[in-house]
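What follows is a set of notes on a single structure, which appears directly below.
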Ligand SMILES: [Cu+2]
């Protein structure tokens, strides 16, 4: 594997040199304009800070599966990340023009930029903000024969501007060496997800998947204390209130497909058979590892754990979504009841105007999600003793990391001593 990779990298660099395209010297400009409209759209009392920006690159790389195998991926990475900086940033106040960001790709992180991360960086934003998301396509180092464009499709987002929707058929796709800034006016809160939509079966199976969620304006409400620090939706009565939020995204990989993609072999979509079920890009027990996980090249490509820690008596909001390309998964919490308060980025409620609104929340111990579905689930630990509890898929053959048992799509909720 190592020899193969070293050979590939040398041949790629040689090829790029011959072609006269050396993306190592490419510069990408990022549109991140300051907010000068004088209107307070995000409701925080400040008229000049409603703009937020994200800069992603798209490329390829490797991640380490929970059984130790390295898997080739396509993916996104954040250039504000540096493992500590926030993914979402704001333009400097008073700046008169968009700041240009110059990035020496693909060598930005030291060494060759096998820089895709999995899952893609989590994007947390708030209703009322205006999001400028720039995607720069840095090309595929391991597959120089591919000139694939990429996009960002913000799944579930009610997009008025179809050119920003990321569907290659009806929107702009971004070719190698180029950037596009997507604009989203965040008028609705909810749990969404994002992924590349180019050759979606392939690029999604290969790992271009991430969490994005929009917090409601109600989180900022002054004077009307509904009892919780945060809310899933603008419920008006505090019923979706929570203390701790955790985005949990269902992923699964077919290692044969990933290997075939790296080795320039045919990709038989109909034979796709996922054998690495994951939460947030990791199989158990890696779901519990709070640290970044590095691949064999020592590049930290998996930056997200799935562990949930909550003081006894508090509520967790589980932002559960699925971007699996093959299977439906049933996710169970056998000890702590799940109250589903939202679905598909909407609060579960009637829209009746004569009798007033009625909650359609329901309590269960398991939910089933297909690809593209999301549910907002409250876990109330009021009557739950301190201890460690599990969330896992009841498709029991998926409690494995390929041939290794006792892994797969499982994580833990740790109910800690109550906060004083
Ligand atoms: Cu793509």
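Details
- The single residue among 171, 200 that is within 12 Å of the ligand (Cβ to nearest atom) and out of contact with any strand residue (DSSP E or B) (no Cβ under 7 Å at 6 or more places or on another chain) turns out to be 200.
- Selection within the stretch 385-408 - farther than 21 Å from residue 244 by Cβ and either out of contact with any strand residue (DSSP E or B) (no Cβ under 7 Å at 6 or more places or on another chain) or assigned to a loop (DSSP other than H, G, I, E, B) (or both): 394, 395, 396, 397, 399, 402, 403, 404, 405, 406, 407
- Only listed residue being at pLDDT 85 or above, touching a helix residue (DSSP H, G or I) at 6+ places or on another chain (Cβ under 8 Å), within 24 Å of residue 189 (Cα to Cα) and in a loop (DSSP other than H, G, I, E, B), chosen from 42, 46, 35: 42
- Residue check for residue 105: farther than 23 Å from residue 181 by Cβ, surrounded by 19 or more Cβ atoms within 10 Å (Cβ to Cβ), at pLDDT below 70 and touching a strand residue (DSSP E or B) at 6+ places or on another chain (Cβ under 6 Å): no
- Condition met for residue 290 (more than 18 Å from residue 206 (Cβ to Cβ), out of contact with any helix residue (DSSP H, G or I) (no Cβ under 7 Å at 6 or more places or on another chain) and free of Cβ contacts under 8 Å to residues at least 24 places away in the same chain): yes
- Looking only at residues in the stretch 138-157 that are within 12 Å of the ligand (Cβ to nearest atom) and not in a loop (DSSP other than H, G, I, E, B), the one that is nearest to residue 347 (Cα to Cα) is 153.
- A search for C-beta distances below 7 Å between a residue of the stretch 203-219 that is assigned to a loop (DSSP other than H, G, I, E, B) and any residue that is at pLDDT below 95 and more than 16 Å from the ligand (Cβ to nearest atom), counting only pairs 6+ apart in sequence or on different chains, returns 216/234.
- Checked against the criterion of being more than 16 Å from the ligand (Cβ to nearest atom) and crowded, with 20+ Cβ neighbours inside 10 Å, the candidates 221, 191, 239 yield just one match: 191.
- Any hit, the stretch 178-188, residues being under 19 Å from residue 137 (Cα atoms), within 11 Å of the ligand (Cβ to nearest atom), in a strand (DSSP E or B) and touching a strand residue (DSSP E or B) at 6+ places or on another chain (Cβ under 7 Å): no
The values are calculated or read from the model by the stated rules, or taken from the named source; none is laboratory data. In this text the structure is predicted, and so the values were computed from the model without any measurement. Glycine gets a Cβ as well: all are built from the backbone with ideal geometry, and neighbour counts include every protein chain shown.
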